Amino acid sequence: MRTLLAGNWKMNGLHASLAEIRALIRSISERPAADIIICPPATLIAEAARTVRSAPIEIGGQDCHAESSGAFTGDISAEMLRDAGATAVIVGHSERRQCHGETNRIVAAKLTAASRAGLAPILCIGESEAQRDRGEAISAVRRQLSESMDAKFKPVELVVAYEPVWAIGTGRTPKPQEIVQMHEAVRAVLIERLGQEGAQIRILYGGSVKPDNAGEILSLPGVGGALIGGASLKAPDFLSILQAIPSR
Ligand code: PGA
């Protein structure tokens with residue numbers, strides 16, 4: 001399985017920020033060490049998609065609505081993202097769960113919508129600090145993952161991103177052993193739910209991945225890549241992470 005690096009720009013990026021994507025394109029080879037997806041804000045998707053047209057980089061959205069169209073002011077459907085040139089979409093990011101009250105049920109509907117529109121969903125899950133302190137991290141993540149997929153969900157091109165909420169944007173990361181354990185637990189749920197297909201799904205780690213810790217994190221067994229927030233905004237940081245990928 002090829003490593004996947006996904007960059008989540010969150011609510012950052014104006015037109016001028018597309019220069020970072022152009023810088024990335026200039027610096028990577030035709031076959032970089034990882035698959036690359038950049039998720040800029042929705043306002044930049046169409047132009048970002050044109051920018052990467054002949055480069056080995058895909059463009060993704062950061063969220064989608066469960067419906068394909070309708071009276072949902074301010075929302076964007078998976079079909080619209082696809083139409084704008086995206087090929088992937090993040091669903092269930094902890095900031096959406098926290099700031100927009102997205103429940104597992106809502107996330108499950110968005111996951112189904114992403115697949116319906118032909119987008120590769122990047123499903124985010126992760127425990128809170130309180131859950132980890134109570135020794136409930138693994139059970140909380142297992143439950144969240146399970147409930148974030150509908151019974152009939154078909155995992156076409158699904159990617160799962162394990163992002164402990166307390167590690168996002170804080171500079172703190174779990175111990176390597178904790179990352180490995182969680183990735184094993186996530187893999188077990190995926191196989192329970194999806195059978196052999198569950199064994200093929202990439203599981204990313206996310207939360208304060210930086211050039212100086214990427215090499216270690218990406219070499220851990222079971223870690224199929226990274227979802228990168230802050231360090232994806234500047235091309236040199238993102239490139240350093242790409243260069244830190246250990247050869248397997
Ligand atoms: P961070 O964000 O790399 O800035 O911690 C990760 C994410 O929220 O996806």
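The values are calculated or read from the model by the stated rules, or taken from the named source; none is laboratory data. If you're wondering where the values come from, they're calculated on a predicted model, not measured in any experiment. For neighbour counting, all protein chains shown are included, and Cβ atoms are generated from backbone atoms with ideal geometry for every residue, glycine included. Quick note on the areas: whole protein, heavy atoms, side chains included, nothing else; ligands and nucleic acids left out. Shrake-Rupley method; radii C 1.70, N 1.55, O 1.52, S 1.80 Å.
Just a few scattered comments:
- For segment 123-139, putting each phi into the Karplus relation 6.51 cos²θ - 1.76 cosθ + 1.60 with θ = phi - 60° gives couplings of 8, 9, 9, x, 7, 7, 5, 4, 5, 5, 4, 7, x, 10, 4, 5, 5 Hz, in residue order, rounded to whole numbers and with x for Gly and Pro.
- For the pair residue 170 and residue 147, label points projected 7 Å from Cα toward Cβ lie 2.1 nm apart.
- Per-pair calculated FRET efficiency, R0 = 22 Å: residue 156 and residue 105 via Cβ, rounded to 0.05: 0.60
- Relative intensity, log₁₀ I(q)/I(0), of segment 171-248 from a Debye sum that treats every alpha carbon as a point, q = 0.11, 0.20, 0.22 Å⁻¹: -0.30, -0.85, -0.97
- Considering segment 18-151 at the alpha-carbon level, its Rg and Dmax are found to be 16.4, 48 Å.
- Using alpha carbons only, the radius of gyration of segment 1-88 set against its Kirkwood radius gives Rg/Rh = 0.99.
- FRET efficiency for the residue 240 to residue 180 pair, using the beta carbon distance and R₀ = 41 Å, is estimated at 0.95.
- Length-normalised contact order for the chain - Cα pairs under 8 Å, 6+ apart - percent: 19 percent
- Under a Gaussian network description of the chain, with springs only between Cα atoms under 10 Å, the residue in 182, 11, 149 that fluctuates furthest is 11.
- Prolate/oblate/rounded call for segment 44-99, Cα gyration tensor, a/c under 1.5 rounded: oblate
- Note that the chain presents 46 Å² accessible area per residue, ligands and nucleic acids not counted, probe 1.4 Å.
- The gain in end-to-end length when the residue 188 to residue 133 segment is fully stretched comes to 17.5 nm, 0.36 nm per residue minus the alpha carbon separation.
- Full extension of the chain between residue 73 and residue 50 gives 5.6 nm of extra length, using 0.36 nm per residue less the Cα-Cα distance.
- Projected onto their three principal axes, the Cα atoms of the chain cover extents of 45, 44, 33 Å, largest first.
- Every helix of 4 or more DSSP H residues in the chain counts as -39500 (n - 2.57), and over all residues that averages to -11500 deg cm²/dmol at 222 nm.
- Alpha-carbon centroid distance for the pair segment 184-248 / segment 52-92, whole angstrom: 22 Å
- Cα gyration tensor shape for segment 104-248, rounded if a/c is under 1.5, else prolate or oblate: prolate
- Relative contact order (percent, whole number), segment 1-105, Cα cutoff 8 Å, 6+ residue spacing: 24 percent
- Computed E for residue 219/residue 83 - FRET, C-beta separation, R0 45 angstrom, nearest 0.05: 0.70
- Here segment 68-145 is assigned +1 on the Cβ of each Lys and Arg and -1 on the Cβ of each Asp and Glu. Its dipole about the Cα centre then comes out at about 240 debye.
- Across segment 50-89, C-alpha contacts under 8 Å between residues 6 or more apart give a mean separation that, scaled by the residue count, equals a relative contact order of 46 percent.
- Accessible carbon and sulfur surface of the chain relative to its total accessible area, %, 1.4 Å: 51 percent
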